[in-house]
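Below: the structure, in structure tokens.
The values are calculated or read from the model by the stated rules, or taken from the named source; none is laboratory data. Everything quoted here is computed from the prediction, not taken from an experiment. We place every Cβ from the backbone using ideal geometry, glycine too, and count neighbours over all the protein chains shown. The area values use the complete protein model at the heavy-atom level, side chains included, leaving out ligands, DNA and RNA. Shrake-Rupley method; radii C 1.70, N 1.55, O 1.52, S 1.80 Å.
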Amino acid sequence: MKKIIKLLGLFVVAVALWGVWRMMSNDVPSHAKPAKNEPFVAEPVVYDVSSWAISPKSRETKTLMAHLGVATADDAMDFYGNPATCYRYTAHHEAPLYVVMGQDVMEVVWYHASPKDDVAFKEQSQNHAQKVHALATAIYGTDGKTLMQAVLLEKPAPKLTGLIEAGCQAYQCRLIINTKKLGITTTKA
């Protein structure tokens, strides 16, 4: 009886490993697999930044971060490794959108969809980009629109006052802004 249980256990482990191998051997993400007998067509996300509205300018953190929605807050480290607060605007199972707010630094990070992602992930990516666009235009005005167009097209970001870094790579986009240089008040959001 013990041998049968042992063999049955080995069989279950073998089937599980085979299933993991099958999922890993396909280069299409599991959430983007087409239905049976349908070819998979990877289409890039199109960000229609030119049609997005420009937000009224603001220099107050609460007003700026209101463009992103309702957040949960946790302790974090800012871009320079100093104590900060991380405001997460999505659930842990969703494509991420969060802000790490340090004493003089605001780091905005969101998911940048792959052409192989499913429609839901692409829509989340687009929605996140539109919210960050609202925040960027509230800070920089029309220069914020230019900044977001460059970032989303993976082109070099324009040189703007207080902009430390901006870009997308490895399924993630980020804007890192020196709030002190821009006179942004860093009250708790």
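Structure data summary
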{"quantity": "Where Tyr98, Tyr80 fall by accessible area, highest first, once all protein chains stay in place (1.4 Å)", "calculated": "Tyr80, Tyr98"}
{"quantity": "HN-Hα J in Hz across the range 131-139 - Karplus 6.51, -1.76, 1.60, θ = phi - 60°, x for Gly and Pro", "calculated": "5, 5, 4, 4, 5, 5, 6, 5, 7"}
{"quantity": "Estimated FRET transfer efficiency when R0 is 45 angstrom, pair Ala120-Thr161 (beta carbons, to 0.05)", "calculated": "0.75"}
{"quantity": "Alpha-carbon radius of gyration plus Dmax, which is the widest Cα pair, for the range 94-189 in Å", "calculated": "13.2, 40"}
{"quantity": "The range 145-189-the range 75-92 distance, computed between alpha-carbon centres (Å)", "calculated": "16"}
{"quantity": "Exposure ranking of Met77, Met106 by accessible area [1.4 Å probe, largest first]", "calculated": "Met77, Met106"}
{"quantity": "Other-chain or far-sequence residues with amide H under 5 Å of Gln172's (modelled H)", "calculated": "His112"}
{"quantity": "Phi-based couplings in Hz for the range 87-103 (Karplus 6.51, -1.76, 1.60; Gly and Pro marked x)", "calculated": "9, 9, 9, 9, 6, 5, 8, 9, 4, x, 8, 8, 10, 9, 10, x, 4"}
